[in-house]
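Asks: Structure below; questions to follow.
The values are calculated or read from the model by the stated rules, or taken from the named source; none is laboratory data. This structure is a prediction, so every number in the text was calculated from the model and none was measured. As a convention, Cβ positions derive from the backbone with ideal geometry for all residues, glycine included, and neighbour counts pool all protein chains shown. SASA here: full protein model, heavy atoms, side chains in, ligands and nucleic acids out. Shrake-Rupley method; radii C 1.70, N 1.55, O 1.52, S 1.80 Å.
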Amino acid sequence: MKIIAFLLLCTSISVYGQAQQDLSHLFDSTGPAHPKVLYTYKGTRIIMGHSTDMLRKHELDFRVDHRFGDLGGEFGGSKTFYGIDNSTDIRIGLEYGITDRLMAGLGRSKGSGEQRQLIDLLVKYKLVEQTQDGHVPVSVALLGTAVMSAMTSEEDPHKAAWFGDASDRMSYVAQSIVSRKFGDRLAFSLSPTYVHRNRVGYMDMNNMFALGVGGRLKVSKRIGIVAEYFYPFRSQASRDYYKSQGITFYNPLGVGLEIETGGHVFHINFTNSTAIQETQFIPETTTSWLQGQFRWGFNISRRFTLFGKKDWKK
Amino acid sequence: MKNLFLLFSLVIITSAVSAQDVFSCKNTRFSFFSSAPLEDIEAKTDKGVSAINVKTGAIYFKVPIASFQFRKKLMQDHFNQNYLESDKFPFAEFKGKVVENTDLSRNGTYEVTVEGMLNLHGVDKAYREKGTITVKDGNITAGSTFNIRVADHRIDVPSMVVKNVAEVVAVTVNAVYTAVVNR
């Protein structure tokens, strides 16, 4: 009995002694219980489509997205300086972080389909954030976009850009983006998308589902390789009809480099799609990589922080 | 049996004594400020933790890097992704002790020197810095401002942004301790 008591005493003393030396054990569980995975992508876009990353509260993002003309093929080559003389689509947008989880944006783009002179309004909400301990395995964001064409109506009532009334000018996108970051270099996304266009050409689809896949591989702290692909579920009947009219639909594919330079995120990319809006590049891509009908483009994002200067000083 | 009883009471007494020696703070405030030709950078957090043993003078700080808040969130992104690499090195940790033989169980304000090891960005470096500890009726507050040279902790600033990020960052720490009971 005495021996046990002695041993116990020794143990308790040694534990006590250790406690005196090292105070770190008091905080073994310091930090948030499920730390969030940060920075899945560098910005709010992967290439053509949205990522799960958000603007933060009071952040204003000024964006210029540009797609040049065909690099090769019938309309490319040296006569257009490999597409640089042409621009198929340009978007200038202002986007704003209302909260850390909610952002809204307004943009104007040239448009690159039947309908042109587009004004878009977008809202993105971050539903779920991936955590480092796997408690939440993915990040999920929801995107809603409404696009209006401001162009003058076509004369021919069979065309998709003939507007009987204002609602004919509208198209919509609802998308959920599910992404997961693997380690600190690789990210992967799936984007189930629904496109609704109020007005389409004969045998085209007003409602179309599409599935987007995208990813990013970080090659250095400031440079990443990004890739994105959309598979639109167009009906065979519609496909066949357009084929008989000499129009083949292709699935948009983009590859690019994203480079962070201080306040900018600069994107250089190559895509076969000519358009920037989801309502157009998903259902209306008729240009093919294999025929040299891809183009280089860039997305520039410049972020500013508004408000809060006074609050911050306190 | 008697011995055992004696032993248990002894253990209980010892832990009770030690409990009064250790004080902790669960919302230790850290802030830092750097002034460079192009912009001032400022960040703060109150998510740090700290503990002090008034008997031995041992002192401890730990802060989650990702908890630092910047007014410009883009700076916060760069801080976490490019400079401090907070997913690889999520915490900064300091283990040290008060050099002077100060009796921190008595009321008073003490100018102390603390020396110890700071692990920041995965790099250990010894520091010896001045601080102030105030003891009043069992409440302890501690504060210090000291400089960290970013190069000492292998935090690379590319030449492109060298005008935006200062070489030396002034760090301020403030903790209000309460006695640790029921350890």
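Asks: Mind listing the phi-derived Karplus ³J(HN,Hα) values for the stretch A:120-136, rounded to whole Hz, using 6.51, -1.76 and 1.60 with θ = phi - 60°, and x for any glycine or proline?
Replies: With coefficients 6.51, -1.76 and 1.60, one gets 10, 10, 10, 9, 10, 10, 8, 7, 9, 10, 4, 10, 5, 8, x, 4, 10 Hz.
Asks: Give a residue-ordered list of calculated ³J(HN,Hα) values for the stretch B:104-116 (Karplus: 6.51 cos²θ - 1.76 cosθ + 1.60, θ = phi - 60°; whole Hz; x for Gly, Pro).
Replies: Couplings: 7, 8, 9, 4, x, 10, 10, 8, 10, 10, 10, 10, x Hz.
Asks: If each of A:Ser244 and A:Asn198 carries a label point 7 Å out from its Cα toward its Cβ, how far apart are those two points in nm?
Replies: Each label point is offset 7 Å from its Cα along the Cβ direction, giving 3.0 nm.
Asks: To the nearest 20 debye, what charge dipole does the protein assembly as shown have about its Cα centre, counting +1 at the Cβ of each Lys and Arg and -1 at the Cβ of each Asp and Glu? Write down the numbers at each step before the final one.
Replies: Working: 59 positive and 49 negative charges, 199 e Å.
Computed about the Cα centre, the dipole is about 960 debye.
Asks: Continuing with this model, one more query. Run the helix sum for the protein assembly as shown: -39,500 (n - 2.57) per DSSP H stretch of 4+ residues, divided by residue count, reported at 222 nm to the nearest 500 deg cm²/dmol.
Replies: On the way: 6 runs with 64 residues, N = 497.
Calculated at 222 nm, the ellipticity per residue is -4000 deg cm²/dmol.
Asks: Once you have the Cα-Cα distance between A:Phe62 and A:Asp165, take 0.36 nm times their residue separation minus that, and quote the gain in nm to one decimal. Please report the intermediate quantities before stating the final value.
Replies: Numbers: separation 103, 0.36 × 103 = 37.08 nm, distance 3.21 nm.
The span from A:Phe62 to A:Asp165 would gain 33.9 nm if fully extended.
Asks: Calculate the FRET efficiency for A:Glu74 and A:Ala150 from the Cβ-Cβ distance with a Förster distance of 30 Å, rounded to the nearest 0.05.
Replies: Numbers: r = 29 Å, r/R0 = 0.98.
Computed FRET efficiency for A:Glu74 and A:Ala150 comes out at 0.55.
Asks: So, one more: Cβ under 13 Å from A:Asn207's Cβ, A:Asn207 left aside: what net charge do those residues give with Lys, Arg +1 and Asp, Glu -1?
Replies: Numbers: positive: A:Arg197, A:Arg199, A:Arg234; negative: A:Asp204.
Overall, the nearby charge balance is +2.
Asks: Something else: Of the residues B:Ile140, B:Ile41, B:Ile52, which exhibits the maximal mean-square fluctuation in a Gaussian network model of chain B defined by a 10 Å Cα contact cut-off?
Replies: Ranking B:Ile140, B:Ile41, B:Ile52 by mean-square fluctuation puts B:Ile41 first.
Asks: Which aspartates and glutamates, on any chain, are close to B:Lys44 with Cα under 15 Å apart, when same-chain ones fewer than 8 places away are left out?
Replies: Within the straight-line cut-off, B:Lys44 pairs with A:Asp311, B:Asp77.
Asks: How large is the dipole of the stretch A:34-303 about the Cα centre if only Lys and Arg carry +1 and Asp and Glu carry -1, each at its Cβ, rounded to the nearest 20 debye?
Replies: It comes to approximately 860 debye.
Asks: Also, quick follow-up: When the Cα centres of the stretch A:201-254 and the stretch B:95-154 are compared, how far apart do they sit, in Å?
Replies: 60
Asks: Further question on the same structure: For A:Leu102 and B:Thr109, FRET efficiency with R0 = 41 Å and r from the beta-carbon atoms, rounded to 0.05? List each step's numbers first, then the result.
Replies: Working: r = 48 Å, r/R0 = 1.16.
Once the sixth-power term is evaluated, E becomes 0.30.
Asks: Continuing with this model, one more query. Starting from 0.36 nm per residue, how many nanometres of slack lie between A:Leu190 and A:His158 once their C-alpha separation is accounted for?
Replies: This chain segment gains 8.0 nm when fully extended.
Asks: For B:Gln69, enumerate residues with amide H under 5 Å from its amide H, sequence gap 5+ or separate chain, H modeled in the peptide plane.
Replies: Answer set, sorted by chain and number: B:Lys44, B:Thr45.
Asks: Then there's this: Note the full-extension length gain between A:Asn86 and A:Phe298 as 0.36 nm times their separation in residues minus their Cα-Cα distance, in nm to one decimal.
Replies: Numbers: separation 212, 0.36 × 212 = 76.32 nm, distance 1.38 nm.
This chain segment gains 74.9 nm when fully extended.
Asks: Determine the per residue accessible area of chain A with all protein chains present and a 1.4 angstrom probe, expressed in square angstrom. Provide the component values of the computation, followed by the final result.
Replies: Details: 15020 Å² over 314 residues.
So chain A comes to 48 Å² accessible per residue, rounded to a whole number.
Asks: Report the label-to-label distance for A:Ile268 and A:Leu94 in nanometres (one decimal), using points 7 Å from each Cα along the Cα→Cβ vector.
Replies: 3.1
Asks: Can you list residues from other chains, or at least 5 along the same chain, whose modelled amide H is less than 5 Å from the amide H of A:Asn86?
Replies: A:Gly69
Asks: To continue, here is another question. In the neighborhood of B:Val168, defined by Cβ-to-Cβ distances under 10 Å, what is the net charge if each Lys or Arg adds +1 and each Asp or Glu adds -1?
Replies: Charge balance near B:Val168 sits at -1.
Asks: Place a point 7 Å from the Cα of A:Gln291 along the Cα-to-Cβ direction; which residues of the stretch A:140-184 have their backbone N under 11 Å from it?
Replies: none
Asks: To continue, here is another question. From a point 7 Å beyond the Cα of A:Asp22 in the direction of its Cβ, which residues of the stretch B:68-92 have a backbone N at a distance under 19 Å?
Replies: Answer for this model: B:90-92.
Asks: Using Cα positions and a limit of under 18 Å, work out the lysines in reach of A:Lys42, with same-chain residues fewer than 8 apart set aside.
Replies: Cross-link targets: A:Lys57, A:Lys124, A:Lys126, A:Lys181, A:Lys218, A:Lys221, B:Lys72, B:Lys73, B:Lys88.
Asks: Roughly how big is the A-B contact, given as buried accessible area in Å² (both sides, 1.4 Å probe, nearest 100)? Let's see the in-between values first.
Replies: Details: alone 16990 and 11480 Å², together 24620 Å².
Counting both chains, the buried surface is close to 3800 Å².
Asks: Kindly sort B:Phe91, A:Phe298, A:Phe27 by accessible area of their heavy atoms, largest first, with the probe set to 1.4 Å. Could the numbers behind the result be given before it?
Replies: Details: B:Phe91 60, A:Phe298 40, A:Phe27 5 Å².
The residues order as B:Phe91, A:Phe298, A:Phe27, largest area first.
Asks: Where in the stretch B:119-154 does the amide nitrogen come within less than 13 Å of the point 7 Å from the Cα of B:Thr172, taken along Cα to Cβ?
Replies: Counting only backbone N, you get B:143-146.
Asks: Also, quick follow-up: Using a 1.4 Å probe and ignoring any ligands, DNA or RNA, find the accessible area of B:Lys72 and quote it in Å² to the nearest 10.
Replies: 80
Asks: Can you give the net charge of the other residues whose Cβ lies under 11 Å from the Cβ of B:Phe30, counting K and R as +1 and D and E as -1?
Replies: Charge balance near B:Phe30 sits at +3.
Asks: Probe radius 1.4 Å, ligands and nucleic acids ignored: give me the carbon and sulfur share of the accessible area of the stretch A:34-303 as a rounded percent. If you can, show how the numbers build up before the last one.
Replies: On the way: 7340 of 11540 Å².
After summing per-atom areas, the C and S share lands at 64 percent.
Asks: State the answer as a single residue: which of A:Gly93, A:Ser167, A:Gly183 lies farthest towards the positive end of the charge dipole of the stretch A:76-232, with beta carbon charges of +1 for Lys and Arg and -1 for Asp and Glu, about the Cα centre.
Replies: The one lying farthest along the dipole's positive direction is A:Gly183.
Asks: With every protein chain left in place and a probe of 1.4 Å, what is the accessible surface of B:Phe146, to the nearest 10 Å²?
Replies: The value for B:Phe146 is about 40 Å².
Asks: While we're on this one: Under a crude label model (7 Å from the Cα following the beta-carbon direction), how far is B:Lys88 from A:Asn206 in nanometres?
Replies: 5.5
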